[in-house]
Amino acid sequence: MGHKLYTTFGFFKAAIALSGILIILLAILQWGLGLPLFLPGIALLLLAFVVLGFRILQLIYKFQLSRIHDTNQVEALLWLYSRFTPSVNLPAMREVAGSPDFLKVLVEYFYSHQPKVIVEAGSGVSSIILSEVLKKEGSGARHYALDHLEKYAGLTREKVLNPNSEVLYAPLKDYRIGGKNWKWYDVSVLENVDQIDMLVIDGPTEDIQPLARYPALPLLKGKLSDKAIIILDDTNRKDEQQIIRLWQQEFGLEAKSVFTEKGTVVMWR
Ligand SMILES: C[S@@+](CC[C@H](N)C(=O)[O-])C[C@H]1O[C@@H](n2cnc3c(N)ncnc32)[C@H](O)[C@@H]1O
């Protein structure tokens, strides 16, 4: 994490020295030149220190939270490696890619729900992890991971070595949903897929449109099994929170939050 200038001791030494000079200047202006600036100047200086103090408290909070998340990622990764040893080098996690705590949620739900059909919107390290777990457990589950970018579909495909797992290049397509225009993966690649009982939504990326992941349920609801669980990542973002509200209103879903660094919500009917 980069340090802000005002979190260094040097900054505080300089700020205090400058404040001292400013107070002397204000005193000269007030009592030397007769300008009534001393009290307003001191008030402004105090205000600046209050604002700075507040900002520093915010940074301390963020820093503490990121320490908790960092520790959780290590623990989640150890948990994953205790379940299986991947047969390929895993790509970098976090940032755009799935974080270990999210991947742990996927694997936990695989074990607890034993899905027979898994669909992921947004391929990547999550697809590799799920394909490895399915292989290790000898699960016959079918697993499909969509990606709208051919490059990333290809990179993930190279590391998905389970014949039951498929990475499908599904470019974005225009849809009309609820009287509005939307873009989402071309779901015709899932033509022969139904009874999805684990739907993981971690794509497309938020830059394609506001509420980028909203079309997932309107487009795939007819393909879900009765016991389907839907796992949405990045729910710390306002857009994803709005998507959950819309889905709950439109599809009557139950929802449970899981504490992960990007926020994960599990939903079911
Ligand atoms: C949130 S990511 C999907 C993450 C995936 N579920 C995982 O666990 O890694 C959504 C999309 O970002 C794109 N993507 C993946 N890696 C990327 C990278 N390094 N830079 C930019 N886009 C990337 C891919 O098209 C992917 O489908």
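Throughout, read-outs are computed from the coordinates displayed, never taken from laboratory work. If you're wondering where the values come from, they're calculated on a predicted model, not measured in any experiment. When we count neighbours, we look across all protein chains shown, and the Cβ atoms used for this are built from the backbone with ideal geometry, even at glycine.
For K13, the lysines whose Cα comes closer than 27 Å to its Cα, not counting residues fewer than 8 places off in the same chain, are K4, K62. Under 5 Å from the amide H of V167 lie the amide H atoms of A145, each residue being 5 or more positions distant or on a separate chain, with H modelled from the backbone and absent for Pro and chain starts. Distance between the 7 Å Cα→Cβ label points at W268 and W79: 1.8 nm. Counting only lysines at least 8 places from K136 when in the same chain, those with an alpha carbon closer than 19 Å to its own are K104, K116, K159. Summarising the amide proton neighbourhood of R94: residues at separation of 5 or more, or on other chains, whose placed amide H is nearer than 5 Å comprise S99.
Just to check, using Stokes-Einstein with a Kirkwood Rh over alpha carbon pairs, what's the diffusion coefficient of the chain at 25 °C and 0.890 mPa s in µm²/s? Write out the running numbers ahead of the final one.
Values: Rh = 21.6 Å.
Approximately 114 µm²/s, per Stokes-Einstein.
Shown in residue order for the stretch 251-266 are the 3J(HN,Hα) couplings computed by the Karplus curve 6.51 cos²θ - 1.76 cosθ + 1.60 at θ = phi - 60°: 10, x, 7, 8, 9, 9, 8, 10, 6, 9, 5, 9, x, 10, 10, 9 Hz (x for Gly and Pro). When you work out D = kT/(6 pi eta Rh) for the stretch 104-255 at 10 °C and 1.306 mPa s, using the Kirkwood radius from C-alpha pairs as Rh and the Stokes-Einstein form, the result is 102 µm²/s. Relative protection proxy for 119-127, 39-47, 57-65, 180-188, from highest mean packing down: 119-127, 180-188, 39-47, 57-65 (other beta-carbon atoms within 10 angstrom). Hey, in the GNM for the chain with a 10 angstrom Cα cutoff, which one of Q248, Q209, Q30 fluctuates hardest? Highest fluctuation of the listed residues: Q30. Placing +1 on the Cβ of each Lys and Arg and -1 on the Cβ of each Asp and Glu in the stretch 98-194, which of P115, G98, G179 has its Cα farthest towards the positive end of the resulting dipole? Checking the options against the dipole of the stretch 98-194, the answer is G179. In this structure the amide hydrogen of L37, modeled in the peptide plane, comes within under 5 Å of the amide hydrogens of Q30, none closer than 5 places in sequence on its chain.
Quickly rank 138-149, 10-21 as a protection proxy: mean count of other C-beta atoms within 10 Å, highest first. Intermediate values should be presented prior to the final figure.
Details: 138-149: 19.4, 10-21: 11.6.
Highest to lowest by the protection proxy: 138-149, 10-21.
Residue by residue, the stretch 42-51 carries 3J(HN,Hα) couplings of 5, 4, 5, 4, 4, 4, 4, 5, 5, 4 Hz when phi is fed to the Karplus relation 6.51 cos²θ - 1.76 cosθ + 1.60 (θ = phi - 60°); x denotes Gly or Pro. Using the Kirkwood radius over C-alpha pairs as Rh, can you work out the diffusion coefficient of the stretch 174-269 via Stokes-Einstein at 25 °C, viscosity 0.890 mPa s, in µm² per second? Translational D for this selection: 179 µm²/s. The ellipsoid that matches the Cα gyration tensor of the stretch 164-216 has semi-axes, each √(5λ) in whole angstrom, of 20, 13, 11, with the longest given first.
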